[in-house]
Amino acid sequence: MNKADLINEVAEITGTKAKAQEVVDCILSTVTTALEKGDSVSLVGFGTFKVAERSARTGRNPQTGASIDIPASRVPRFVPGKTLKEAVK
């Protein structure tokens, strides 16, 4: 399922595709904004979106074998909730 499919599914509930697109875009931008600030977003039963810190490390260029320094960075993480885990099983 991609974003367009998700919008179509939400449109069946909201009634219009324009309203569904507005809802999906709002949710995604709200989660993105919260993560940019370093906050986490918990959706009970679904899961938690949070920001993790990745430390600096040394990597290797697979083509040349030369070592390169990879700087520290912040990355988004998703931890699924219990209800989601049970649904997938």
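The values are calculated or read from the model by the stated rules, or taken from the named source; none is laboratory data. Because the structure is predicted, anything quoted here is derived from the model rather than measured. So basically every Cβ, Gly included, is an ideal-geometry build from the backbone, and we count neighbours across all protein chains shown.
Points worth noting:
- Total residues in region 23-41 satisfying the condition of being more than 16 Å from ARG77 (Cα to Cα) and either surrounded by 11 or more Cβ atoms within 10 Å (Cβ to Cβ) or touching a strand residue (DSSP E or B) at 6+ places or on another chain (Cβ under 9 Å) (or both): the figure is 4.
- Of all residues in region 36-71, those that are over 17 Å from GLY81 (Cβ atoms), among the hydrophobic types (A, V, I, L, M, F, W, C) and not in a strand (DSSP E or B) total 2.
- When we screen VAL79, VAL51, VAL75 for residues that are at pLDDT 95 or above and surrounded by 14 or more Cβ atoms within 10 Å (Cβ to Cβ), the only hit is VAL51.
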